[in-house]
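Student: What follows is a structure written as structure tokens; I'll ask about it next.
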Protein chains: 2
Amino acid sequence: MKRSGYCGDFREASIGKELSVFGWVHSRRDHGGVIFIDLRDRSGILQIVFQPENKETFCAAEHIRSEYVLSVTGVLRQRPEGTINPNMPTGKVELVVSKLEILNASPALPFEISDYVETSEELRLKYRYLDLRRPAFQKNFIMRHNVSKEIRNYLNDEGFLEIETPFLGKSTPEGARDFLVPARLHHGSFYALPQSPQIFKQILMVAGFDKYYQIARCFRDEDLRADRQLEFTQVDLEMSFVEEEDVMGVIEGLLKRVFKTAVNADIKTPFERMSYADAMLRFGSDKPDTRFEMEIKDFSAELKNSGFSVFANVLAKGGIVRGLSIPKGASFSRSEIDALTKFVGEYGARGLAWMKITDAGAESNIVKYFKEEEIQTIISKLGAKSGDLVVFLADEEKVVAQGLGALRLKMGKELGLIDKNKFNFLWVVDFPMFEWDKEERRWQALHHPFTSPKDGEALTQDNAKNAKAKAYDVVLNGVELGGGSIRIHRSEVQKQVFDLLNITDDAAKEKFGFLLDALTYGAPPHGGVALGFDRLCALLAGEESIREVIAFPKTQKAVDPMSNAPAAVSEKQLKELGVRVVVKQQPAAAPDKKEA
Amino acid sequence: MKRSGYCGDFREASIGKELSVFGWVHSRRDHGGVIFIDLRDRSGILQIVFQPENKETFCAAEHIRSEYVLSVTGVLRQRPEGTINPNMPTGKVELVVSKLEILNASPALPFEISDYVETSEELRLKYRYLDLRRPAFQKNFIMRHNVSKEIRNYLNDEGFLEIETPFLGKSTPEGARDFLVPARLHHGSFYALPQSPQIFKQILMVAGFDKYYQIARCFRDEDLRADRQLEFTQVDLEMSFVEEEDVMGVIEGLLKRVFKTAVNADIKTPFERMSYADAMLRFGSDKPDTRFEMEIKDFSAELKNSGFSVFANVLAKGGIVRGLSIPKGASFSRSEIDALTKFVGEYGARGLAWMKITDAGAESNIVKYFKEEEIQTIISKLGAKSGDLVVFLADEEKVVAQGLGALRLKMGKELGLIDKNKFNFLWVVDFPMFEWDKEERRWQALHHPFTSPKDGEALTQDNAKNAKAKAYDVVLNGVELGGGSIRIHRSEVQKQVFDLLNITDDAAKEKFGFLLDALTYGAPPHGGVALGFDRLCALLAGEESIREVIAFPKTQKAVDPMSNAPAAVSEKQLKELGVRVVVKQQPAAAPDKKEA
């Protein structure tokens, strides 16, 4: 039988036509001696009707249960008055079945196929093929397909070449933990799965391909605390003969097209550019959510000579004082304010100073330590109004920024200040080249050691703190969508950076030898970017978790309850690879896998 | 500076315009006090000219060597009479440089960037970024990009959804050897890299996605004897509610578009369908090269009662006799014929019977054993002409088919019978479901155990030999481009197949449990296909080896000489994974890696 079309696509225009459709029984109702079935495929639902007049078909239909697979032929008709469903795209029509074939049966399911059902994630993942039948999931994956199609079309139009890079590469000690793959022909040696195609895409620029892209799977063997997966997908690109604005322009064009296609949103380009310093100061974050205000202000200069000894001491030691104003926070109880203090404590803050702003002025037990003009400066700089609560952190810069940044986000959410219909894009730029590693007492690369410094930047220990990089992150609504940089293309600059990072020539050669070699042989200026594709799709689908846009995700315990991966393998396999398991844990130690 | 376009794209239409281009110094000639440079980028070459009148630029240009990276601006002009190069697309124009920036330098290269240079593959792979600069390579990867783009466009148009499947899956004992990845959170357990997305794409059909595709990386840890790689790319698709012809039709449409785009060839569809039995009989191969004739004929019936005891004995024991006619082979010397005998010996044949066809009839020392009508039957059935050599193999069917098939190919090549401009596509269909495993003395699945039998086929031990599968391979010029099948969608049929394969319920549950479960919950009829993407690209590029269309291939020793993967890792890494290396081989045992 030839399919006339997908279930969800039929409209009144097809009334009177004989049609054949395939699908799953979404639900069945028997009413007035007639059997009504909602037949579902990836496009949606079509109501099909079995009338007792057609005895053979009707009798066969009586055996049909939920999730049976049907092939039906019939004539499409207008639904009778009063049975029209305005909430369904196909709600004005129904198919009167003349021919039925039951292609497959199904027992009762372990859970209902519904968008609203509450089932444990473990069970949903074990029966992922059932869960994925949910209309919301079908929509998510159709959208993910459309997004990747649009990205490819855009990058094709822009002259990018899709070039595949290897999955079996070499482990590098930089970055996150690698997944290792024992090499059968070289016992004791291992391949590593790529954390990103970073080095290979730079090599492709040295090879003269000019513009490269890939929608690439990447791997990081890190604990899955947040909404992360062992394997994830990124839109990865690299361009030659470019500066920062060129790369940012490509991504702006890409996102503009994607948002139009996926959610019909017209986003404005170019995006706002915000320096890293500004983002940390005003929003306490390198990925500021600018959908609401409540900006942080610095009072280190204004309160330098205040009578409040806590501030004075911090400032004297080179620390800073910053604050923000929480709208309507003056009504918070003492215990509510204590909870805020505890919250910023998680970021290392040792206290939270506060003042309630009332019609009569500022009120709290620290107000007395401040001069009236200091109070006025605070109120005016923060734009605080009567009824607001002004809070301060005084500490080293990192603690203050992170604490107030987190508090700002928390209050923004709790007070309903965030307009969920906004798409606030921005670029964070002018990142520092280096950050000081307290534990190892040395400079680390903030991005990666191939990131180019700004033109004319001195790469000395003295200037390490101030040196800025040609790096950029694209942020949407407080989420980092991706980032990249212009790379170092001259080997003498690369050497200076390694020197500053205390990476010896030998270590550099061991780790990145072939990239360093490549840079000497006529490397062009180049730069690129990587976007988190799963996160982008989740945002577009309005999903909180990337697991809702990944067909077969792993649990937080890094297990796939459907296939029971990972699993034990045979001794023969291990012997061929020249490896041995050191401590074989009891199956009980991996509770996710007890059904294996 | 903003690039006006790629070097290779400028023509006479741009004469008189001021242009800026970037590129690599392909070659430099000093002639008549003027410096000529062939500037190369991925699109091709543009001649740029430095005239002594422009002193500053000219002096700077004197320092330029091969593979320096330049940014130049100048006015495009017509080349003077007598200097036009008709072999270059840009051969009528040249750019007179007014502004030069040397973006990077390069020392002398370890080998020349030229399409004709002979360098060891080891060295070429070590400096892959230099080798990839060769214009032929640039063309290959631009073509590969265009092929993948065209495939995606076609499949998008046909309603396929690109859905990503996991790389970290579960090891299955069927098929080739798996690459294993130790699981850090579950010591003693391993993920396996996918040999193909087979089970996941079937699961996606059960999940209702209807049409799936992916251009997917796959992994097989097999020895790289032939032109194989550890990781390879396949165009992978699956469809629901289809039969064999639907899937074959999709692939025919795909290849038609790809061949038009990539090599401007109009290929005729539908392709010829040839049964497996026919292919093995006529061409001695399940991937026949039909660009030349020299077909094999069976004489088992005609020679049943011949007086030649070698044939009679084989036929009496249930063997077969087949032959083919080698054009102009009657002139072969005795030692040339001995070489052919030795050649078929590699396929297990214990001798090669032959007759020279002359104007006077058949000549050889076995002719006397045959009746004249038998000789006439042989000559007429083979269409042998005076001057040909007729050869026979008598043995069990497999030996005869393989021996004569290989001999046919060898002679076709050596005698120049193959028209290299032909694209002869065909489908091999009606494959057997099972083949007998002599060693294990049991039936094995010829494709894989999820392949559907033909409708009405009895799945009994008695019928195992004859049972045909809904399987199909697409063959181009004797190369298997891909293959697939309609899958079993009913669990009771799957159980019958497992029974016949002597796979117990427990073993089936252990290996494929979740697929079997999925089949019970309303699986639709479905089928699919996978095409070897690297091989397809190599064929289209006219390359013998897939390594010429893979950016970073491994050597036959499974090593990447550029990155030195695989390599030793730290004890800390292994400890975290709970594995230990059993026998650490000396580096000397891996000669590819001595430069590590």
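Student: Filter the strands (runs of 3 or more DSSP E) completely within segment A:211-294 down to those with at least 2 residues that are acidic (Asp, Glu), closer than 30 Å to residue A:192 by Cα and touching a residue at least 12 places away in the same chain (Cβ under 8 Å). Lay out the reasoning, then the answer.
Tutor: Numbers: elements: A:211-219, A:231-240, A:272-275.
The qualifying strands (runs of 3 or more DSSP E) are A:231-240.
Student: Kindly indicate the residue of segment A:1-22 that is aliphatic (A, V, I, L, M) and part of a loop (DSSP other than H, G, I, E, B) and also nearest to residue A:90 (Cα to Cα) among those meeting that condition.
Tutor: Looking at the filtered set, the residue picked out is A:15.
Each row is one residue, and each column tells you yes or no for (1) closer than 22 Å to residue B:401 by Cα; (2) open to solvent by 20 Å² or more (accessible area, probe 1.4 Å); (3) in contact with a Gly (Cβ under 8 Å, 6 or more places away or on another chain); (4) not assigned by TED's automatic domain parsing to the domain that holds residue B:410.
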residue: B:323; (1), (2), (3), (4): yes, no, no, no
residue: B:339; (1), (2), (3), (4): yes, yes, no, no
residue: B:354; (1), (2), (3), (4): yes, yes, no, no
residue: B:357; (1), (2), (3), (4): no, no, yes, no
residue: B:372; (1), (2), (3), (4): no, yes, no, no
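Condition check ((1) within 14 Å of chain A (Cβ to nearest Cβ); (2) open to solvent by 40 Å² or more (accessible area, probe 1.4 Å); (3) not in a strand (DSSP E or B)) across all residues:
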| site | (1), (2), (3) |
| --- | --- |
| B:40 | yes, no, no |
| B:47 | no, no, no |
| B:53 | no, yes, yes |
| B:65 | yes, yes, yes |
| B:72 | yes, no, no |
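Student: Would you say residue B:10 is open to solvent by 10 Å² or more (accessible area, probe 1.4 Å), within 14 Å of another protein chain (Cβ to nearest Cβ) and not hydroxyl-bearing (Ser, Thr, Tyr)?
Tutor: Numbers: open to solvent by 10 Å² or more (accessible area, probe 1.4 Å): yes; within 14 Å of another protein chain (Cβ to nearest Cβ): no; not hydroxyl-bearing (Ser, Thr, Tyr): yes.
It is false that residue B:10 is open to solvent by 10 Å² or more (accessible area, probe 1.4 Å), within 14 Å of another protein chain (Cβ to nearest Cβ) and not hydroxyl-bearing (Ser, Thr, Tyr).
Student: Also, I was wondering about something else. Collect the residues in segment B:235-271 that are within 14 Å of chain A (Cβ to nearest Cβ) and more than 30 Å from residue A:1 (Cα to Cα), keeping them in residue-number order.
Tutor: B:261
Student: Inside segment B:502-524, can you point out the residues that are touching a strand residue (DSSP E or B) at 6+ places or on another chain (Cβ under 7 Å) and either buried (at least 21 other Cβ atoms within 10 Å of the Cβ) or in a helix (DSSP H, G or I) (or both)?
Tutor: Quick first cut of segment B:502-524, residues touching a strand residue (DSSP E or B) at 6+ places or on another chain (Cβ under 7 Å) only: B:502, B:522-524.
B:522, B:523, B:524 - these are the residues of segment B:502-524 that are touching a strand residue (DSSP E or B) at 6+ places or on another chain (Cβ under 7 Å) and either buried (at least 21 other Cβ atoms within 10 Å of the Cβ) or in a helix (DSSP H, G or I) (or both).
Student: So for segment B:242-259 (the condition being open to solvent by 40 Å² or more (accessible area, probe 1.4 Å), of a type outside the set (D, E, K, R) and farther than 19 Å from residue B:150 by Cα), does at least one residue qualify?
Tutor: Let us first name the residues in segment B:242-259 that are open to solvent by 40 Å² or more (accessible area, probe 1.4 Å), namely B:243, B:245-246, B:256-257.
Those still in the list that are of a type outside the set (D, E, K, R) too: none.
There is no residue in segment B:242-259 that is open to solvent by 40 Å² or more (accessible area, probe 1.4 Å), of a type outside the set (D, E, K, R) and farther than 19 Å from residue B:150 by Cα.
Student: Test of understanding: among B:383, B:416, B:412, which residue is open to solvent by less than 10 Å² (accessible area, probe 1.4 Å) and out of contact with any Leu (no Cβ under 9 Å at 6 or more places or on another chain)?
Tutor: Details: B:383 fails: open to solvent by less than 10 Å² (accessible area, probe 1.4 Å); B:416 fails: open to solvent by less than 10 Å² (accessible area, probe 1.4 Å).
One residue alone meets the criteria, B:412.
Student: Within segment A:7-44, which residues are in contact with a Lys or Arg (Cβ under 7 Å, 6 or more places away or on another chain), over 18 Å from residue A:85 (Cβ atoms) and not small (Gly, Ala, Ser)?
Tutor: A:22, A:24, listed by residue number.
Student: In addition: Hey, does segment B:525-545 have a residue that's at pLDDT 95 or above, in a loop (DSSP other than H, G, I, E, B) and either within 30 Å of residue B:238 (Cβ to Cβ) or not assigned by TED's automatic domain parsing to the domain that holds residue B:173 (or both)?
Tutor: The answer is yes; a qualifying residue exists.
Student: I'd like the residue in segment B:28-37 that is more than 14 Å from chain A (Cβ to nearest Cβ) and open to solvent by 10 Å² or more (accessible area, probe 1.4 Å) and, out of all such residues, is farthest from residue B:71 (Cα to Cα). Let's see the steps before the verdict.
Tutor: Within segment B:28-37, the first condition is being more than 14 Å from chain A (Cβ to nearest Cβ), and the residues that meet it are B:29-36.
Pick out the ones that are also open to solvent by 10 Å² or more (accessible area, probe 1.4 Å) and you get B:29-34, B:36.
Values: B:29: 18, B:30: 20, B:31: 22, B:32: 24, B:33: 22, B:34: 19, B:36: 15 Å.
Applying the filter and picking the extreme gives B:32.
Results for (1) under 30 Å from residue B:508 (Cα atoms); (2) more than 7 Å from chain A (Cβ to nearest Cβ); (3) polar (S, T, N, Q); (4) under 23 Å from the mean Cα position of the chain (by Cα), shown as yes or no for each residue.
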position: B:133; (1), (2), (3), (4): no, no, no, no
position: B:139; (1), (2), (3), (4): no, yes, no, yes
position: B:142; (1), (2), (3), (4): no, no, no, yes
position: B:146; (1), (2), (3), (4): no, yes, yes, yes
position: B:163; (1), (2), (3), (4): yes, no, no, no
position: B:168; (1), (2), (3), (4): yes, no, no, no
position: B:179; (1), (2), (3), (4): yes, no, no, yes
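Student: Scan segment B:535-559 residue by residue and report those that are within 13 Å of another protein chain (Cβ to nearest Cβ) and either crowded, with 18+ Cβ neighbours inside 10 Å or under 22 Å from residue B:483 (Cβ atoms) (or both). Quick ask: steps written out before the conclusion?
Tutor: Step one: list which residues in segment B:535-559 are within 13 Å of another protein chain (Cβ to nearest Cβ), which gives B:537, B:546-547, B:549-559.
Correct list: B:537, B:546, B:547, B:549, B:550, B:551, B:552, B:553, B:554, B:558, B:559.
Student: Ok, one more. Do we have residue B:492 as surrounded by fewer than 17 Cβ atoms within 10 Å (Cβ to Cβ), without any contact (Cβ under 8 Å) to a residue 60 or more places away in the chain and part of a helix (DSSP H, G or I) here? Steps first, please.
Tutor: Values: surrounded by fewer than 17 Cβ atoms within 10 Å (Cβ to Cβ): yes; without any contact (Cβ under 8 Å) to a residue 60 or more places away in the chain: yes; part of a helix (DSSP H, G or I): yes.
Considered against the rule, which asks whether it is surrounded by fewer than 17 Cβ atoms within 10 Å (Cβ to Cβ), without any contact (Cβ under 8 Å) to a residue 60 or more places away in the chain and part of a helix (DSSP H, G or I), residue B:492 comes out as yes.
Student: Give the residue, chosen from B:57, B:83, that is exposed (fewer than 15 other Cβ atoms within 10 Å of the Cβ) and over 42 Å from the mean Cα position of the chain (by Cα). Working first, answer last.
Tutor: Working: B:57 fails: exposed (fewer than 15 other Cβ atoms within 10 Å of the Cβ).
One residue alone meets the criteria, B:83.
Student: Quick check on residue B:217: is it open to solvent by 10 Å² or more (accessible area, probe 1.4 Å), facing chain A (nearest Cβ under 7 Å) and under 22 Å from residue A:580 (Cα atoms)?
Tutor: No, not satisfied.
Student: Would you check if residue B:202 is assigned to a loop (DSSP other than H, G, I, E, B) and either open to solvent by less than 10 Å² (accessible area, probe 1.4 Å) or in the same structural domain as residue B:538 (by TED's automatic domain parsing) (or both)? Step through it out loud before you land on a result.
Tutor: Details: assigned to a loop (DSSP other than H, G, I, E, B): no; either open to solvent by less than 10 Å² (accessible area, probe 1.4 Å) or in the same structural domain as residue B:538 (by TED's automatic domain parsing) (or both): yes.
Spelling it out, it is not the case that residue B:202 is assigned to a loop (DSSP other than H, G, I, E, B) and either open to solvent by less than 10 Å² (accessible area, probe 1.4 Å) or in the same structural domain as residue B:538 (by TED's automatic domain parsing) (or both).
Student: Follow-up. Go through segment A:35-64 and count every residue that is over 22 Å from residue A:8 (Cβ atoms) and not aromatic (Phe, Trp, Tyr).
Tutor: 11
Student: OK, next. Out of everything in segment A:298-317 that is in contact with a helix residue (DSSP H, G or I) (Cβ under 7 Å, 6 or more places away or on another chain) and in a loop (DSSP other than H, G, I, E, B), what residue ends up being most open to solvent (accessible area, probe 1.4 Å)? Before the answer, list the steps.
Tutor: Filtering segment A:298-317 down to residues in contact with a helix residue (DSSP H, G or I) (Cβ under 7 Å, 6 or more places away or on another chain) leaves A:298-300, A:302-304, A:306-308.
This time we only want the ones that are in a loop (DSSP other than H, G, I, E, B), so: A:299-300, A:302-304, A:306-308.
Working: A:299: 0, A:300: 23, A:302: 68, A:303: 1, A:304: 135, A:306: 10, A:307: 53, A:308: 23 Å².
Here the residue is A:304.
Student: Let me ask another. With B:217, B:184 as the choices, which residue is under 16 Å from the mean Cα position of the chain (by Cα) and in the same structural domain as residue B:536 (by TED's automatic domain parsing)? Full working, then the answer.
Tutor: Working: B:184 fails: under 16 Å from the mean Cα position of the chain (by Cα).
After applying the criteria, what remains is B:217.
Student: If we keep just the residues of segment B:148-161 that are of a type in the set (D, E, K, R) and facing another protein chain (nearest Cβ under 9 Å), which is farthest from residue A:206 (Cα to Cα)? Even if it seems obvious, please write down each step before you answer.
Tutor: If we filter segment B:148-161 for residues that are of a type in the set (D, E, K, R), which is where we start, we get B:149-150, B:152, B:157-158.
Checking the rest, the ones that are also facing another protein chain (nearest Cβ under 9 Å) come to B:149, B:152.
Values: B:149: 24, B:152: 28 Å.
Here the answer is B:152.
Student: Read through the list (1) touching a Cys at 6+ places or on another chain (Cβ under 9 Å); (2) farther than 30 Å from residue A:54 by Cα; (3) more than 14 Å from chain B (Cβ to nearest Cβ), then give the number of the only condition that residue A:90 fails.
Tutor: Going through (1) touching a Cys at 6+ places or on another chain (Cβ under 9 Å); (2) farther than 30 Å from residue A:54 by Cα; (3) more than 14 Å from chain B (Cβ to nearest Cβ) one by one, residue A:90 breaks only (2).
Student: Every residue in segment A:471-530 that is more than 14 Å from chain B (Cβ to nearest Cβ) and of a type in the set (Gly, Ala, Ser), please.
Tutor: Residues of segment A:471-530 more than 14 Å from chain B (Cβ to nearest Cβ): A:471-485, A:495-505, A:508, A:528-530.
The answer is A:471, A:478, A:482, A:483, A:484, A:485, A:508, A:528, A:530.
Student: Give the number of residues within segment A:454-472 that are under 20 Å from residue A:525 (Cα atoms) and either part of a loop (DSSP other than H, G, I, E, B) or open to solvent by 10 Å² or more (accessible area, probe 1.4 Å) (or both). Before you say what the answer is, go through the steps one by one.
Tutor: Start the filter on segment A:454-472 by keeping residues that are under 20 Å from residue A:525 (Cα atoms), which leaves A:454-459, A:467-472.
Checking which are either part of a loop (DSSP other than H, G, I, E, B) or open to solvent by 10 Å² or more (accessible area, probe 1.4 Å) (or both) leaves us with A:454-459, A:467-468, A:470.
Residues meeting the conditions: 9.
Student: Of the residues that make up segment A:161-170, is at least one within 30 Å of residue A:513 (Cβ to Cβ) and of a type in the set (Lys, Arg)? Walk me through it before giving the result.
Tutor: The initial filter retains those residues of segment A:161-170 that are within 30 Å of residue A:513 (Cβ to Cβ), namely A:161-170.
Checking the rest, the ones that are also of a type in the set (Lys, Arg) come to A:170.
Yes; the residues of segment A:161-170 include at least one that is within 30 Å of residue A:513 (Cβ to Cβ) and of a type in the set (Lys, Arg).
The values are calculated or read from the model by the stated rules, or taken from the named source; none is laboratory data. Everything numeric here is computed off the predicted structure, so don't read it as measured data. Ideal geometry is used to build each Cβ from the backbone, glycine not excepted, and the neighbour counts take in all protein chains shown. Calculation scope for accessible area: heavy atoms of the full protein, side chains included, ligands and nucleic acids excluded. Shrake-Rupley method; radii C 1.70, N 1.55, O 1.52, S 1.80 Å.
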